[in-house]
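See structure below.
The values are calculated or read from the model by the stated rules, or taken from the named source; none is laboratory data. Since we're looking at a predicted model, the values are computed, not measured. Neighbour counts run over all protein chains shown; Cβ positions are idealised from the backbone, glycine included.
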Amino acid sequence: MAGDDIVKSAARVFAVLELFEAEQRPMTATAIERTLQWPQSSTLALLKTMVQLGYLAFDPLERHYEPSLRLSNLGRWVGARFVQGHLDDLIRQVGEATGETVSIVGQNDLWMEFLSVRAGRNPLTLNIDPGTHAPLFGSIIGLVALSCRSDREIAELAQRVRKLPAESRETPDMAHIAEEIATIRAAGHGIGYGRYIASVGAIAWPLRQDRDPRPLILSVAGPTEMIREAEATIVTAVEKILAGHRASRGRHGQATALT
């Protein structure tokens, strides 16, 4: 195909993806533009678009970009498996044990992004689409993700959130946030009701990833009254499943990816 027949922006998307495949590490916008020898403004605009679409993840502290779990899922049907392919089985087991909506969520920039969702089987259930964003400080999944960071990093992220445009801005009460994060760290999971969506409760756990110090979050969510009533049962069931996955991966000589 002649060069004139290639849509330039599409070609650049694939160039970015191929660069990550070659480097196999998170990269800054500066490193990407220098390696590909592109203008700074157009490189940054392309990367921001890929983040907004959910195909790249951005770390607002390290200023790094990297491919997201959502991107890896695109090619699974042709046989390529994400390094954390056990997550599919984990979601299935948790969904069967709880009957509620189970999600894998990751921090992307200053938001939490739903990457994979298995709808609940109960008559009243939470319906949420992959790619949906939730607030970092205003959701239990966000607080669980923050609990895995240092206090200094949490404070820096709060400052960045306060600088967002007014329609997107959160105003975290850091004294209250610190108390909640301490509780989450002690328990190993977080529980919240009506934090992100009114009348919805969620219980969330951090999942350690082999190649990423930032955790993905496992969430079990549904109507508040149902989650509250089954809270202890859900926690016991999910933690048993997580323990089983840790043991299974250990027996097969794999790096432990679950907390």
*Leading residue by the ranking (modelled with the lowest pLDDT) among those in segment 139-183 that are within 25 Å of Met50 (Cβ to Cβ) and in a loop (DSSP other than H, G, I, E, B)*: Arg169
*Pair list, Cβ under 7 Å, 6 or more apart: segment 80-92 residue under 21 Å from Ala119 (Cβ atoms), other residue modelled with pLDDT of 75 or more and surrounded by fewer than 16 Cβ atoms within 10 Å (Cβ to Cβ)*: none
*asked:* Only one of Glu62, Glu100 is at pLDDT 85 or above, outside the structural domain of Thr233 (by TED's automatic domain parsing) and within 28 Å of Ile181 (Cβ to Cβ). Can you tell me which?
replied: Glu62
*Kindly indicate the residue of segment 19-28 that is among the charged types (D, E, K, R) and modelled with pLDDT of 90 or more and also farthest from the chain's Cα centre (by Cα) among those meeting that condition.*
Glu23
*Identify the single condition in (1) within 22 Å of Arg70 (Cα to Cα); (2) surrounded by fewer than 18 Cβ atoms within 10 Å (Cβ to Cβ); (3) not small (Gly, Ala, Ser) that Trp111 does not satisfy, given that it satisfies every other one.*
(2)
*Filter segment 65-82 down to the residues that are modelled with pLDDT under 90 and touching a strand residue (DSSP E or B) at 6+ places or on another chain (Cβ under 8 Å), then identify the one that is nearest to Arg160 (Cα to Cα).*
Ser68
*Residue list for segment 43-76, restricted to those being polar (S, T, N, Q), surrounded by fewer than 20 Cβ atoms within 10 Å (Cβ to Cβ) and in contact (Cβ under 8 Å) with a residue 24 or more places away in the chain*: Asn73
*Options Thr132, Thr101; residue that is touching a strand residue (DSSP E or B) at 6+ places or on another chain (Cβ under 9 Å), in contact (Cβ under 8 Å) with a residue 40 or more places away in the chain and among the polar types (S, T, N, Q)*: Thr101
*Can you tell which of Arg208, Arg228 is in the same structural domain as Arg118 (by TED's automatic domain parsing) and either under 22 Å from Glu96 (Cα atoms) or not in a strand (DSSP E or B) (or both)?*
Arg228
_Single match in Ala15, Ala10, Ala45, Ala31 (criterion: farther than 19 Å from Ile217 by Cα, at pLDDT below 90, of a type in the set (A, V, I, L, M, F, W, C) and assigned to a helix (DSSP H, G or I))_ = Ala10
